[in-house]
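Reviewing the structure listed below.
Just so it is clear, none of the values below were taken in a lab; they were calculated from the coordinates. Quantities reported herein were computed from a predicted structural model and do not represent experimental measurements. So basically every Cβ, Gly included, is an ideal-geometry build from the backbone, and we count neighbours across all protein chains shown.
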Amino acid sequence: MQHSAQHDTRISDRHQRDLFHPPELQVETTVSAALTRHLHDLGVERAFGVIGGSIGVFFDALEESLIEVQHTRHETGAAFAATEAYFAASKPTVVYATTGPGLLNVLTGIAAAKWDGAKVILISGATSAPQRGRWATQETSSYTMPQDVFYGHGPIFDYAVRIEHPAEITEAMRRLALGLSRPGGFVAHICLPIGVQAQRVELPRIRATASVAAPTAAREDIEHTVELLKSSPFVVWAGFGARKAARQIRELVERTGSRIMVSPRGKGIIPEDHPLYLGVTGLGGHEGPTEHMLQHQPDWILVLGTRLGEATSFWDRDLEPTKGFIHVDLDPCVPGTAYPHVRTVGVHAEIGTFLDSLIPHFPEGEVASVVNVASRMPSTVESLTPLTEGPVRPQVLMNAIQRRIVAGSDAMVMSECGNSFAWCNHHLRFAQPERYRVSTLYGSMGHTCAGVVGAALARGGKAVAVVGDGAMLMNSEISTAVQYHAPAVWIVLNDAGYGMCESGQQVLGLACNQLEIPRVDFVGLARSLGADGILVETEDMLDVALEKAMDARAPFVVDVRIDKNEPSPLMQRFESLLKQGSSKHVAGWEI
């Protein structure tokens, strides 16, 4: 029997008055100025983008506002930076883009923001109505672009509108307030045609604000969950959506003695040296979760804040519980999707409030001794002696990052799409949530290379990106970091090739002869852009190089010549591709 929570959405009486019964319109300003003021009122502190003629008036209003404006080198980089600035500071961010190529360029980064659950608002220009269909420069209209992608509610935008008349801005601002106040992510698009941006508009003196309550699990859902979990041993599977409830999750597993495994994006929700921790599932994951499931075969898995998609589970049958999942999520469509053949009890609720109601049913002291449980944390590589000859083994690099950056600082650590996030997911260990960021869902190359700039600016401190050379060549935004003095560090796994792709192609028996690239001197590139850097060719140089990077006042690149022959912990990903048919020889699925 499937259970779901009642959706409890409330708006306070005062806010209802402000939103739905505005007082007499008294304040006159431009559409652009009104929107920037409103965005600042809603908590926006930073905007990233690339200017163009069609967004010039709005850009001018941004410059006059209290919002910090960063002008990046590419619109996709702007969106990646805005996404990571949101996660670093928990403040909504703005991306601005001009018409035509500007709007198209930004879409990849905006889609990543949506998939990752960020709160980002895109403001774009558009061709004014009288010029549409007349071959305007960089025309953005129904004659040149699909309208439903940009201006409709759907897979990319939670809310999207093109403002054709100044009077529409009031409703758009109300929708933004509601969207940003709700739990979870919110990605919106406000399109301002050229002719509308400078038009005058009258607005209420009382500024629109909103408060939307998170969905709370119904009492019967809590009681049913308690009944199921108390009936037999269970496992907790936590993901990024549960990061704000780390304290409650730890309390639950310690009270019940249940084991816990996390998604790659959930690293640090429970300290990774905790005796009840099984390890990471999915990309670059550990053997502990699968071993535990096969040996102990728990009846139930309590899923908190993860969609159990391919990057988290590979839809692995070995990770299925004997009786079913109890899946708690803000999105009622999530439970039952990843494993449709497994019984799923869905609970529509915010994780923290759900756990606050659940935990009292498991009294303290009920579990005799948690600390006697053997930890399944994978072995480290600390026993590997650094070599004085190159190239650098990635495992040894990870150990140096763990020692010098994770344990030796409070820096945000981010890993890029490819072998980088496999090495980081597997080897780095975090004791707190929200110190590690990886975008395994959309998996855009260049996301972290540019995102580290936004994270460093938003947190006002060091942010470190572990990236591949292929991704670094796509979108680094080093120049932007230099311009705005962002304390960003790039650690480049330089193997002169697309390492993850090459490994996968080889395993799958597919062509890989185009995947080597000319060796790049990233230190020279960094210095040409006004940053600094250091080349690391042997393992005994790592500690000194990382110390220099963390002490540097300017943006800094550590170019590490790594051993491309060391296999990354991605074999499960290749097995997943085989099972989906990505091979000339699918039948046997042999690796």
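Structural remarks
- The range 253-331: GluC sites (Glu not before Pro) in DSSP loop, at most 16 other beta carbons within 10 Å: Glu287
- Near Ala118, once Lys and Arg are set to +1 and Asp and Glu to -1 for all other residues with Cβ below 12 Å from its Cβ, the sum equals +1.
- Cross-link table Lys114/Lys323; Lys230/Lys267; Lys244/Lys548; Lys267/Lys564; Lys91/Lys462; Lys244/Lys323, entries beyond 21 Å C-alpha to C-alpha: Lys114/Lys323; Lys230/Lys267; Lys244/Lys548; Lys267/Lys564; Lys244/Lys323
- Distance (nanometres) between label positions extended 7 Å along Cα→Cβ at Leu387 and Trp315: 4.0 nm
- The range 45-102 - Debye-derived log10 I(q)/I(0), Cα point model, q = 0.16, 0.21, 0.28 Å⁻¹: -0.44, -0.74, -1.15
- Chain lengthening between Glu202 and Arg247 when straightened (0.36 nm per residue, less Cα-Cα): 11.6 nm
- Förster radius 51 Å - calculated FRET efficiency between Ala213 and Gln131 (Cβ-Cβ, nearest 0.05): 0.70
- Gain on full extension, evaluated as 0.36 nm per residue between Glu63 and Arg527 minus their Cα-Cα distance, stands at 164.1 nm.
- Here the peptides 437-444, 536-543, 134-141 are ranked by packing, the mean other Cβ count within 10 Å, and the order with the highest first is 437-444, 536-543, 134-141.
- Available extension along the chain between Ala554 and Arg343 is 70.6 nm, counting 0.36 nm per residue and deducting the alpha carbon span.
- Under the simplified labelling scheme, the Ser231-Asp41 pair shows an inter-label distance of 5.2 nm, with each label point 7 Å from Cα along Cα→Cβ.
- For the pair Glu291 and Ala167, label points projected 7 Å from Cα toward Cβ lie 6.9 nm apart.
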